[in-house]
Amino acid sequence: MQGKFTINKTENILAIGVGLLMVGGASLATVKHAVAEIAADFYRNKTLSIGVPNSAGGGYDVYARVLAHHISKHIPGGPNVVIQNLPAAGGMALANQLYNTSPKDGTYIGMVRGTVVHEQIFKTPQVQFDARKFAWIGNMNADYDGCIVSVASGITGLEDFYKRQVVMGASGAGAQSYTFPLVYRDLLGMKLKVIAGYPGTPERMIALERGELDGFCGITISTFRSQLAQLSERGTIKLVAQGGVTKDPRYPDLPNVLDEAKTPDVKQALEFLFTPLAINRAIAAPPETPADRVAVLRNATMQTMKDPAFVEEAEKLRLDITVMGAEETGSISDKLFTTPPAVGAKIKNLVDPTAK
């Protein structure tokens, strides 16, 4: 099974010309060459660090390492590239570091979880950043929520979630495996009983096999495809629903939870919940990073995600890659801030036990 490669939107960021004086008759090619020379002078013998909001081997880490294997050859000067894992606080620790203490000279970028933007909107006290000021580089993956059930449970489709109690496994408060089914239960009236204490997908799968659980939501479609598709093909489990601001084009007939909304305010609340999935592997540089270096990093990231060697490695790992430029990534993040306060408060009250 191969990964997905799509191009949503790209930007012509090569022609940056920042800080350059246009001498009469200078061609665009001359400008590009001069920019590359300036970047090469800076990045030569430097190290580019990529911050990752989970531990080694996790989903964000795998994406970041594939990027790290190839991005250097697309940056003039060919810097060394290293991964820095900072898994604390569900991505908030990395977002805080990226904003406040990481180098602002173009030698540090990090993956910003879309869900931490929620935390800023919720006015969570631990937030020490303003996502609207990040220098967005791009996004590697747009994703969707997935709901999986054991075939042995007898559940055949999403409609069964309304007819009988469905026991769902989750890791704990704050995780999508916990918050998504809670929202589905409380906003849509699905009869979901959420049981926490299953740290990850492997533990939930064991519980499904034992009959302890009927299923679980809050697993991304990309994770399903890379880790669980074979079990689905064997008839052990079934993907019964997806959740996103749009449908995954590979599953046009799979019900979207968003379509279950019966009122405009419920639909808006679900869109607010799902929007971070659209920038599931977003990359940013710290605020105040020089514009010319931001442009170099944006171009390098876009070129890397279209590099045949990168594509081949990602496909071997069954990674879904969505090539998304900085402008669109920032636009999706900014969209969250246009959500009416009452809608954001509704989701906060459902997903945050301390808010009740």
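The values are calculated or read from the model by the stated rules, or taken from the named source; none is laboratory data. Just so it is clear, the structure is predicted and the values come from calculations on it, not from any experiment. All Cβ positions, even for glycine, are placed from backbone atoms using ideal geometry, and neighbour counts span all protein chains on display.
Which one of these is free of Cβ contacts under 8 Å to residues at least 12 places away in the same chain and among the acidic types (Asp, Glu): 253, 265, 292, 248? Write out each step before concluding.
Values: 265 fails: free of Cβ contacts under 8 Å to residues at least 12 places away in the same chain; 292 fails: free of Cβ contacts under 8 Å to residues at least 12 places away in the same chain; 248 fails: free of Cβ contacts under 8 Å to residues at least 12 places away in the same chain.
The match here is 253.
Can you name the residue in the stretch 238-258 that is modelled with pLDDT of 95 or more and among the aliphatic types (A, V, I, L, M) and, of all such residues, is farthest from residue 177 (Cα to Cα)?
Only one residue fits best here, namely 254.
As an exercise: evaluate residue 338 against (1) in contact (Cβ under 8 Å) with a residue 60 or more places away in the chain; (2) within 30 Å of residue 104 (Cα to Cα); (3) surrounded by fewer than 22 Cβ atoms within 10 Å (Cβ to Cβ) and give the number of the one condition it does not meet.
Only one criterion is unmet by residue 338, namely (1).
Would you mind listing the strands (runs of 3 or more DSSP E) fully within the stretch 65-166 where at least 1 residues are buried (at least 24 other Cβ atoms within 10 Å of the Cβ)? Write out each step before concluding.
Working: elements: 80-85, 108-112, 135-139, 145-150.
Per the criteria, 108-112, 135-139, 145-150.
Looking only at the stretch 237-274, filter to residues that are touching a strand residue (DSSP E or B) at 6+ places or on another chain (Cβ under 7 Å) and assigned to a loop (DSSP other than H, G, I, E, B); which one of those is surrounded by the most Cβ atoms within 10 Å (Cβ to Cβ)? Can you show your working first?
Initially, the stretch 237-274 is screened for residues touching a strand residue (DSSP E or B) at 6+ places or on another chain (Cβ under 7 Å), giving 237-244, 247-248, 251, 254-258, 274.
With the extra rule that they be assigned to a loop (DSSP other than H, G, I, E, B), the set shrinks to 244, 247-248, 251, 254-255.
Numbers: 244: 23, 247: 17, 248: 21, 251: 15, 254: 18, 255: 17.
Top of the filtered list is 244.
Can residue 106 be described as within 30 Å of residue 343 (Cβ to Cβ) and either in the same structural domain as residue 314 (by TED's automatic domain parsing) or of a type outside the set (Asp, Glu) (or both)? Can you show your working first?
On the way: within 30 Å of residue 343 (Cβ to Cβ): no; either in the same structural domain as residue 314 (by TED's automatic domain parsing) or of a type outside the set (Asp, Glu) (or both): yes.
The answer is no for residue 106.
Among the numbered conditions (1) modelled with pLDDT under 95; (2) part of a loop (DSSP other than H, G, I, E, B), tell me where residue 190 comes up short.
(1)
Using beta carbons and a limit of 7 Å, which pairs, at least six apart or on different chains, have the first residue in the stretch 56-85 and in the same structural domain as residue 306 (by TED's automatic domain parsing) and in contact (Cβ under 8 Å) with a residue 60 or more places away in the chain and the second one among the hydroxyl-bearing types (Ser, Thr, Tyr) and part of a strand (DSSP E or B)?
none
Kindly list the number of the only condition in (1) modelled with pLDDT under 70; (2) buried (at least 18 other Cβ atoms within 10 Å of the Cβ); (3) of a type in the set (Phe, Trp, Tyr) that fails for residue 5.
(2)
Of the residues that sit in the stretch 195-222 and are small (Gly, Ala, Ser) and within 15 Å of residue 147 (Cα to Cα), which one is modelled with the lowest pLDDT?
Our first condition is that a residue be small (Gly, Ala, Ser); within the stretch 195-222, this holds for 196-197, 200, 207, 211, 215, 218, 222.
Adding the requirement that they be within 15 Å of residue 147 (Cα to Cα) leaves 200, 215, 218, 222.
On the way: 200: 79, 215: 96, 218: 88, 222: 87.
For the stretch 195-222, the residue satisfying everything is 200.
Taking the condition surrounded by fewer than 23 Cβ atoms within 10 Å (Cβ to Cβ), closer than 24 Å to residue 107 by Cα, modelled with pLDDT under 95 and outside the structural domain of residue 250 (by TED's automatic domain parsing), does residue 307 pass? Give the derivation first.
Values: surrounded by fewer than 23 Cβ atoms within 10 Å (Cβ to Cβ): yes; closer than 24 Å to residue 107 by Cα: yes; modelled with pLDDT under 95: no; outside the structural domain of residue 250 (by TED's automatic domain parsing): yes.
Criteria not met by residue 307.
Test of understanding: among 308, 341, which residue is more than 26 Å from residue 221 (Cα to Cα) and not small (Gly, Ala, Ser)? Outline the logic, then answer.
Values: 308 fails: more than 26 Å from residue 221 (Cα to Cα).
On inspection, the qualifying residue turns out to be 341.
Take the residues of the stretch 167-182 that are of a type in the set (A, V, I, L, M) and at pLDDT below 85: which is surrounded by the most Cβ atoms within 10 Å (Cβ to Cβ)? Let's see the steps before the verdict.
Taking the stretch 167-182 as the starting set, the residues that turn out to be of a type in the set (A, V, I, L, M) are 167-168, 170, 173, 175, 182.
Still in the running and at pLDDT below 85: 173, 175.
Numbers: 173: 13, 175: 18.
So, considering only residues that are of a type in the set (A, V, I, L, M) and at pLDDT below 85, the one surrounded by the most Cβ atoms within 10 Å (Cβ to Cβ) is 175.
Consider the stretch 274-324. How many of its residues are among the polar types (S, T, N, Q) and touching a Pro at 6+ places or on another chain (Cβ under 9 Å)?
As a first pass, look at the stretch 274-324 and keep what is among the polar types (S, T, N, Q): 275, 280, 289, 299, 301, 303-304, 322.
Within this subset, residues satisfying the condition of being touching a Pro at 6+ places or on another chain (Cβ under 9 Å) are 289.
Here the count works out to 1.
If I ask for residues that are hydroxyl-bearing (Ser, Thr, Tyr) and not in a loop (DSSP other than H, G, I, E, B), which ones from the stretch 43-64 would you list?
Here is the first cut: in the stretch 43-64, the ones hydroxyl-bearing (Ser, Thr, Tyr) are 43, 47, 49, 55, 60, 63.
Selection gives 43, 47, 49, 60, 63.
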